[in-house]
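Shown next, in structure tokens, is the structure this report addresses.
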Amino acid sequence: MIGVMSIGVVVGTVAGYYRGAADTVISRVIDVTMAFPGTLFIVALSATAGDRLNDITFGVFAPGVVTLVLVFTLFGWFFPARIVRAQVLSLREKEFVEAARMIGASDARIMRSHLLPYLVAPIIVYSTLIVAGYVILEASLSFINLGIKLPTASWGNLLATAPEYYTSQPWLMLWPGLAVLLTTLAFNLLGDGLRDAFDPRSSH
């Protein structure tokens, strides 16, 4: 989520603020990335360089975690980029931005000090929602043996191995599924609550 939001906010802000050629190039890159079949890429990556990438742990993470982070970041940054771009396109025409330009503020200062504070609300809301999506995606990939692999525990691979014990220990299928359900539900409810809290129209 941190990687996706960092790239998305920077790219979306640049595209929305400068418009013109920068916006065109970034928009086309976003279109190409959105059209690329991410699941197919994950399958191909797992079949070719998966084992070597899974060995990259930086001494902290479990095998496979870094690979998932890189793939999720590569195919997830364009959603927040589009949201931020749309916000910046409307904000750049506001009076306070024009005033900042008139007193000689640089583009970098305008984007950092005048536009970014107005993007905090959508960034926070989308961050909570994207965490829920990645919890499900990681569990799905681990379930089909493309994500976190045994012996490292993951809700996905726990769900994948639980049917082997359904006659003697059926609850092994229940707890990982409930964990995924409750976690994603919690983040979605948090995102909805934050969206209502940051939306001034919700108070009327």
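The values are calculated or read from the model by the stated rules, or taken from the named source; none is laboratory data. The shown structure was predicted, so the numbers you read here are calculated from the model rather than taken from an experiment. For neighbour counting, all protein chains shown are included, and Cβ atoms are generated from backbone atoms with ideal geometry for every residue, glycine included. Side chains included, ligands, DNA and RNA excluded: accessible areas come from the protein's heavy atoms. Shrake-Rupley method; radii C 1.70, N 1.55, O 1.52, S 1.80 Å.
Just how large is the dipole of the chain about the Cα centre, in debye to the nearest 20, putting +1 at every Lys and Arg Cβ and -1 at every Asp and Glu Cβ? Don't skip to the answer; put the middle values down first.
Numbers: 13 positive and 13 negative charges, 93 e Å.
Dipole about the Cα centre, nearest 20: 440 debye.
Scaling against 2.2 N^0.38 Å puts the C-alpha radius of gyration of region 90-204 at 1.66. Sorting the segments 19-29, 130-140 by their mean number of nearby beta carbons within 10 angstrom, highest to lowest, gives 130-140, 19-29. Looking at the square roots a ≥ b ≥ c of the eigenvalues of the Cα gyration tensor of region 145-204, which shape do they give, rounded for a/c under 1.5, prolate if a/b is larger than b/c, or oblate? Cα axes put region 145-204 in the prolate bin. May I ask for the angle, rounded to the nearest 10°, between helix 116-143 and the longest principal axis of the chain, with both axes built from Cα atoms and the value confined to 0 to 90°? Roughly 20 degrees, rounded to the nearest 10. Three principal axis extents of region 62-130 based on alpha-carbon atoms, in descending order, are 52, 20, 15 Å. For region 52-204, give the percent of accessible area contributed by carbon and sulfur heavy atoms, probe 1.4 Å, rounded to a whole number. Ligands and nucleic acids excluded, carbon and sulfur reach 68 percent. In terms of packing, defined here as the mean over residues of other Cβ atoms within 10 angstrom, the peptides 116-128, 145-157 line up highest first as 145-157, 116-128. In region 1-141, the ratio of gyration radius to Kirkwood radius, Rg to Rh, stands at 1.06 when only Cα atoms are counted.
Axis angle, to the nearest 10 degrees, between helix 20-35 and the longest C-alpha principal axis of the chain: 20 degrees.
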